[in-house]
Amino acid sequence: MLPRVDAEEAAQEALVRAWLRRDACRHPDAPLPWLLEITRNEARRLRGSAARRERLELLEAPPLEDDELAGTVARLTVEQAVRTLADGDRRVLHLRYAEDLTQVEVARRLGLPEGTVKVRLHRARARLRRVLET
């Protein structure tokens, strides 16, 4: 599921999380299934982080000369469109896409329920789409 180094990291994080939440184990006499579930979740989290890093690396790859001009124009157009949005819309879009946070992480950062963040992102993207289409 993960390269060895990442698997070791997932196992270590799982043990730390399990230790910190040891009171949550429903069957302390047989904790293995509980610990394995924590380990699986940690491996999934690390795999997701690696995928986000890979996407960022692709975005940062040097473009071809023809693509460079088109990419610059598109980026400037989007940046101009984003500047027309309200502060709240810009903030939620920045956290989600520029800082590459998950919706859960954005919600935590803003101190809002996850559902509220989902709605705000949906509405902000719709507003941005309308601005870009005009």
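Quick notes on this one:
- Take every pair of alpha-carbon atoms less than 8 Å apart whose residues are at least six positions apart; their mean separation over the length of region 91-134 yields a relative contact order of 35 percent.
- Net charge of the neighbourhood of Pro28, taken over other residues with C-beta under 13 Å away and scored Lys/Arg +1, Asp/Glu -1, is +1.
- All alpha carbon pair distances within region 74-134 were sorted into 5 Å bins beginning at 0; the resulting P(r) in whole percents reads 4, 20, 30, 24, 14, 7, 2.
Any read-out appearing in this document is the output of simple, stated calculations on the displayed coordinates, not a laboratory observation. Bear in mind the structure is a predicted one, so any value in this text is a computation, not a measurement. Because the Cβ atoms are built from the backbone with ideal geometry, glycine has one as well, and the counts that use them run over all protein chains shown.
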